[in-house]
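Q: Input: one structure, supplied below.
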Amino acid sequence: DLLTGAEAPAGVADQFNARVLLFDITAGVTRQPPADFVLGQTGFALKDTVPTDVVLAGPHGLDYDPVREWLFVADGSTGNRVLIFDLSAGVSNGMAAATVLGQADFASMLTATSAAGMSNPLDTAYDAINDDLLDADAANNRVLVFDLASTPANGQAAAFAYGQPDLDTGTQYIGAERSILTLGWPGGLAIHPVSGLLAIAQEDDDRVLLLLPFII
């Protein structure tokens, strides 16, 4: 995944190197620029995949809250978690994440179908209108919604899920069971900054759903 924008750092989720690369593009973009910072590893030449608050397992999707300067990282198929990095005091190589969602602590990487668990989260989207974080929880065929109105705690439960009737279900609906309410392997998220319109890309259903976010 690639993170860009006037108020966001330029970031690349380098999945197979288990890291996120950040680039300073304030002075413009040059051909093949070197990264300025690495998150998920303590150095550019290292590759560890045992998850901690510093080490990423396999990051997929990124998003950013420009007001609090929080970077959200979906740490996909082996990490089964979303990490929140607080960049408000600056960025340093291998800096620790501030919060983990989807796991009770930074060392766990369990799969779960619950309000506080995840299975292969592939993307994140920050909803600035409602101050919510959305997580494309792909293997559970749902999008989780976390309320960020207060500072999130490690292992915080989601408040709501798109694509499932409750927070303890991860059914993959097939054939005639598919509807505008079901999701098949959601892998990508985007939110329009003005209207709040949410786009959910679904790999198994070969479609993109557009809907207005549910206010929690």
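Q: Among the residues of segment 134-191, which ones are assigned to a helix (DSSP H, G or I), aliphatic (A, V, I, L, M) and over 22 Å from Val100 (Cβ atoms)? Don't jump to the end; show me each part of the working.
A: The initial filter retains those residues of segment 134-191 that are assigned to a helix (DSSP H, G or I), namely 138-140, 175-177.
Of the ones still in play, those that are also aliphatic (A, V, I, L, M) are 138-139, 176.
Listed by number, the list holds a single entry, Ala176.
Q: Something else about it: Regarding segment 173-182, can at least one residue be identified that is open to solvent by 30 Å² or more (accessible area, probe 1.4 Å) and under 25 Å from Asp14 (Cα atoms)?
A: First, the residues of segment 173-182 that are open to solvent by 30 Å² or more (accessible area, probe 1.4 Å): 173-181.
Now drop any that are not under 25 Å from Asp14 (Cα atoms), which leaves none.
Scanning segment 173-182 turns up no residue that is open to solvent by 30 Å² or more (accessible area, probe 1.4 Å) and under 25 Å from Asp14 (Cα atoms).
Q: Could you tell me which residue of segment 72-91 is nearest to Gly155 (Cα to Cα), considering only residues that are open to solvent by less than 10 Å² (accessible area, probe 1.4 Å) and among the β-branched types (Val, Ile, Thr)?
A: For segment 72-91, the residue satisfying everything is Val82.
Q: Of all residues in segment 38-65, count the ones that are over 26 Å from Asp127 (Cβ atoms), surrounded by fewer than 21 Cβ atoms within 10 Å (Cβ to Cβ) and in contact (Cβ under 8 Å) with a residue 12 or more places away in the chain.
A: 8
Q: Cβ-Cβ below 9 Å, separation at least six or inter-chain, first residue in segment 67-93 and touching a residue at least 24 places away in the same chain (Cβ under 8 Å) and within 27 Å of Pro186 (Cβ to Cβ), second aromatic (Phe, Trp, Tyr) and in a loop (DSSP other than H, G, I, E, B): which pairs?
A: Arg81/Phe106; Leu83/Phe106
Q: Residue check: is Gly117 within 18 Å of the chain's Cα centre (by Cα) and either closer than 23 Å to Asp75 by Cβ or exposed (fewer than 14 other Cβ atoms within 10 Å of the Cβ) (or both)? Write out each step before concluding.
A: Working: within 18 Å of the chain's Cα centre (by Cα): yes; either closer than 23 Å to Asp75 by Cβ or exposed (fewer than 14 other Cβ atoms within 10 Å of the Cβ) (or both): yes.
Taking the combined requirement at face value, the residue satisfies it.
Q: Listed residues Asn93, Asn80, Asn17; which is among the polar types (S, T, N, Q) and on the phi > 0 side of the Ramachandran plot?
A: Working: Asn93 fails: on the phi > 0 side of the Ramachandran plot; Asn17 fails: on the phi > 0 side of the Ramachandran plot.
Of the residues listed, the single one that is among the polar types (S, T, N, Q) and on the phi > 0 side of the Ramachandran plot is Asn80.
Q: If only one of Leu148, Leu134, Leu144, Leu167 is out of contact with any Pro (no Cβ under 9 Å at 6 or more places or on another chain) and open to solvent by less than 30 Å² (accessible area, probe 1.4 Å), which one is it?
A: Numbers: Leu134 fails: out of contact with any Pro (no Cβ under 9 Å at 6 or more places or on another chain); Leu144 fails: out of contact with any Pro (no Cβ under 9 Å at 6 or more places or on another chain); Leu167 fails: open to solvent by less than 30 Å² (accessible area, probe 1.4 Å).
After ruling out the rest, the residue left standing is Leu148.
Q: Please verify whether segment 95-105 includes one or more residues that are modelled with pLDDT under 95 and out of contact with any Ser or Thr (no Cβ under 8 Å at 6 or more places or on another chain). It would help to see each step written out before you state the result.
A: Start the filter on segment 95-105 by keeping residues that are modelled with pLDDT under 95, which leaves none.
Within segment 95-105 (the criterion being modelled with pLDDT under 95 and out of contact with any Ser or Thr (no Cβ under 8 Å at 6 or more places or on another chain)), the answer is no, since none of the residues qualifies.
Q: May I pose another question? Looking only at segment 183-198, count how many residues are farther than 28 Å from Asp53 by Cα, touching a residue at least 24 places away in the same chain (Cβ under 8 Å) and either open to solvent by less than 40 Å² (accessible area, probe 1.4 Å) or hydrophobic (A, V, I, L, M, F, W, C) (or both). Give the derivation first.
A: At the first step, the residues of segment 183-198 found to be farther than 28 Å from Asp53 by Cα are 183-184, 192-198.
Pick out the ones that are also touching a residue at least 24 places away in the same chain (Cβ under 8 Å) and you get 183-184, 193, 196, 198.
Subset that is either open to solvent by less than 40 Å² (accessible area, probe 1.4 Å) or hydrophobic (A, V, I, L, M, F, W, C) (or both): 183-184, 196, 198.
Result for segment 183-198: 4.
The values are calculated or read from the model by the stated rules, or taken from the named source; none is laboratory data. Owing to the predicted nature of the structure, the values given are computational and were not obtained by experimental measurement. As a convention, Cβ positions derive from the backbone with ideal geometry for all residues, glycine included, and neighbour counts pool all protein chains shown. Remember, those area values only see protein heavy atoms, side chains included, never the ligands or the DNA or RNA. Shrake-Rupley method; radii C 1.70, N 1.55, O 1.52, S 1.80 Å.
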